[in-house]
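Report on the structure given below.
What follows draws every value from the coordinates through simple rules; no lab data is involved. Since we're looking at a predicted model, the values are computed, not measured. Here Cβ is always computed from backbone atoms with ideal geometry, including for glycine, and neighbour counts include all displayed protein chains.
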Amino acid sequence: MAIRSIRTEEDEILRKKSKEVDVIDDRIRELVKDMVETMHKYDGVGLAAVQVGILKQIIVIDLYDEKPVIKIINPKIIKTKGEQEVDEGCLSFPNKYVKVKRPEEVVVEGLDENGKKIKITGTGLLAQAISHEVDHLHGIVLTDVMIPGTMEYITPDSIEEKKSKK
Ligand code: NI
């Protein structure tokens with residue numbers, strides 16, 4: 001396992017479309033493990049393979065809710081329902097937060113690390129995370145979907161300020 005370096009906003013690769021995974025082999029499983037490790041290292045809720053420089057349709061999500069980490073290969077959103085306006089960040093946009101509209105519920109299909117078909121229904125934060133990560137696979141990033149004028153920059157200073165207010 002290894003921590004991989006995260007591509008950030010100025011990197012053109014984030015604008016590219018990821019390709020479907022044809023064969024799920026040990027190399028893919030290794031990549032998935034590295035993605036989970038990298039997401040945890042940087043306290044992310046989700047990560048798409050393109051963010052570690054690999055244009056393959058793979059996403060991982062962890063809401064830190066004691067449920068297993070979600071790993072989906074070739075994810076496809078087959079249904080959405082409702083709408084929620086939420087604050088959102090991205091490991092590729094460090095210290096930036098925006099407001100976006102996301103579906104309230106998302107149904108996604110794909111494959112697990114063993115090539116078995118999976119189907120997950122997510123609501124709230126999980127729906128938001130699935131929607132965000134699947135966007136990455138289509139070359140769509142935070143600034144493309146943000147509600148205009150809502151970007152906030154969180155500097156270490158302002159984090160300290162927030163903490164001291166509590
Ligand atoms: Ni992201």
Dimensions in Å of the chain - Rg and Dmax from alpha carbons
15.7, 51
Nearest-ten-degree value, helix 26-41 long axis tilted from longest Cα axis of the chain
20
Find the Cα radius of gyration of the range 3-60, compare it with 2.2 N^0.38 Å by division, and give the number to two decimals.
1.07
Quick check: pseudo-label points 7 Å beyond the Cα along Cα→Cβ at residue 145 and residue 22, how many nm apart are they?
2.9
Can you compute 3J(HN,Hα) from phi for each residue in the range 88-104, using the Karplus curve 6.51 cos²θ - 1.76 cosθ + 1.60 with θ = phi - 60°, rounded to whole Hz and x for Gly and Pro?
8, x, 7, 4, 7, 10, x, 6, 10, 10, 9, 9, 9, 9, 10, x, 6
Using alpha carbons only, how many degrees (0 to 90, rounded to 10) separate the axis of helix 156-165 from the longest principal axis of the chain?
70
Distance cut-off 28 Å, Cα to Cα: go down the list 17/96; 19/116; 79/99; 41/81; 16/67; 19/71 and report the pairs above it.
41/81; 16/67
Using only DSSP helix segments of four residues or longer, with each worth -39500 (n - 2.57), what per-residue ellipticity at 222 nm results for the chain after dividing by its residue count and rounding to 500?
-8000 deg cm²/dmol
Report the full-extension gain for the segment residue 109 to residue 30: residue separation times 0.36 nm, less the Cα-Cα distance, to one decimal in nm.
26.3 nm
